[in-house]
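Data block below; observations after.
Any read-out appearing in this document is the output of simple, stated calculations on the displayed coordinates, not a laboratory observation. Predicted model only: the values in this text are computed from it and were never measured. Quick reminder, even Gly has a Cβ in these numbers, built from the backbone with ideal geometry, and neighbours come from all protein chains shown.
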Amino acid sequence: MKVLNFGSLNVDYVYRVDHIVRKGETLSTQSRQEFAGGKGLNQSIALANAGLEIFHAGCIGPGGEFLLDVLKNAGVDVTFVKRMADTPVGHTIIQNSDDGDNCILLYGGANQAVTREQIDAVLEHFQPGDYLVLQNEISNLAYLFERAVAKQIQIVCNPSPMNETVKELPLEKAAYLFVNEIEAGQLLGADSGSERELVGALSRRFPRTRVILTLGKDGADYIDGDKCIHQAIFPVKAVDTTAAGDTFTGFFMGGILGGQSPEEALRYASKAASIAVTRRGASPSIPTAAQVRAELDGQA
Ligand code: RIB
């Protein structure tokens, strides 16, 4: 079984601010740092750190070469990342406030240069039963989803950031779906309602998909048909929540594909995310499996 993550690679420009800028305001920043990021890249690193062998596919442009080094250093295979000569690398402008909040402006760049031809060429190397991890930061996502379903590749989808593209995806055909409560409400076309109502609505809408609903400070739920397992957060002082969701997704799937039960994988992922929020930056905040296990063992 092989695991392919076809996803974004971004340069994150992170500005420390005392508050998130308001409409019409000009705000001086405390500092600027540059990190490797992108939901795709972050999830590949989290999956690799959690112990899986990962292939990453996507596109980078000039200025993005260091992103490949970051992936390679984490043990990710980057054979399927295409280098574009004339399209700038994807980037973000992230505000990180003193209370640990963030907000992100995303420029797609090379991530939006993924073509059907590239998708066909990459999928040639994968077979039925392999896994494909997806987010919503690359072009031709609906085509990729459809081709993977046709090839009986198991899809793990985190349809974030939510936009019109997501409505084209047959998410009920995914094996695993990761959503937060706002995304869940948008997918269901309804106000979120209570956690219980949301869980019920997700299990009716996605009866054959294992849905992982993340609830911020209220933890996470694993929903599989009628079964729902809840995991509380491990409380910490957060300094930067960027990539916490990506860390959760990577460690949850790393746990599941490594043979853990859903209960164990939820705990593993929650602990990994709780470590990530105590560190700054996207990919640099993602812990190793040894760090996660050490903290879990310390609490056992
Ligand atoms: O999920 C966090 C990521 O979202 C950041 O690294 C940024 O690049 C955006 O894609």
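Numbers for the structure displayed
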{"item": "Coarse-grained scattering of the stretch 71-131 at q = 0.18, 0.25, 0.29, 0.30 Å⁻¹, given as base-10 log I(q)/I(0) from a Debye sum over alpha-carbon atoms", "result": "-0.90, -1.10, -1.17, -1.19"}
{"item": "Packing-based ranking, highest mean first, of 253-266, 96-109 given that Cβ atoms within 10 Å are counted", "result": "253-266, 96-109"}
{"item": "Rounded D (µm²/s) - the stretch 111-152, Kirkwood Rh over Cα pairs, Stokes-Einstein at 25 °C, 0.890 mPa s", "result": "232"}
{"item": "Extreme residue, positive dipole direction of the chain, given options F6, L52, A276 (C-beta unit charges)", "result": "L52"}
{"item": "Burial ranking of peptide ranges 273-282, 32-41, 157-166 (average Cβ count within 10 Å, highest at the top)", "result": "32-41, 273-282, 157-166"}
{"item": "Shape category assigned to the stretch 120-214 from the gyration tensor of Cα positions, a/c cut at 1.5", "result": "prolate"}
{"item": "All-pairs alpha carbon distance profile, the stretch 133-173, 5 Å steps from 0, percent", "result": "5, 25, 41, 21, 6, 1"}
{"item": "Sequence-separation-based contact order of the stretch 200-253, relative, with Cα cut under 8 Å and 6+ spacing, percent", "result": "23"}
{"item": "Entries of K2/K167; K82/K217; K2/K217; K173/K271 with Cα pairs more than 31 Å apart", "result": "K82/K217; K2/K217"}
{"item": "For the stretch 149-300, the spread of Cα positions along each principal axis, largest first, Å", "result": "40, 31, 27"}
{"item": "Inverse of mean 1/r across different Cα pairs in the chain, Kirkwood, Å", "result": "19.3"}
{"item": "Simple Cβ-charge dipole of the stretch 39-85, Lys/Arg +1 and Asp/Glu -1, about Cα centre, in debye nearest 20", "result": "140"}
{"item": "Unit Cα scatterers, Debye sum, the stretch 1-40: log10 I(q)/I(0) for q = 0.14, 0.31 Å⁻¹", "result": "-0.50, -1.00"}
{"item": "Under 10 Å, Cβ to Cβ, from L4 - net charge with Lys/Arg +1 and Asp/Glu -1", "result": "-1"}
{"item": "Charge context of I275, other residues only, Cβ under 14 angstrom, K/R +1, D/E -1", "result": "+2"}
{"item": "Burial ordering of M84, M1, fewest other beta-carbon atoms within 10 Å first", "result": "M1, M84"}
{"item": "Sites matching GluC sites (Glu not before Pro) across the stretch 69-158 that sit in DSSP coil, with at most 15 neighbouring C-beta atoms within 10 Å", "result": "E124"}
{"item": "Mean Cα-pair separation over length for the stretch 25-137, i.e. relative contact order, pairs under 8 Å, 6 or more apart, %", "result": "23"}
{"item": "Computed over the stretch 1-151, Kirkwood Rh from alpha-carbon pairs, angstrom", "result": "16.2"}
{"item": "Dipole magnitude of the chain about its Cα centre (Cβ charges: Lys, Arg +1; Asp, Glu -1), debye to nearest 20", "result": "200"}
{"item": "Sequence-separation-based contact order of the stretch 216-300, relative, with Cα cut under 8 Å and 6+ spacing, percent", "result": "30"}
{"item": "Net charge dipole size for the stretch 193-300 [Lys, Arg +1 and Asp, Glu -1 on Cβ; Debye, nearest 20]", "result": "160"}
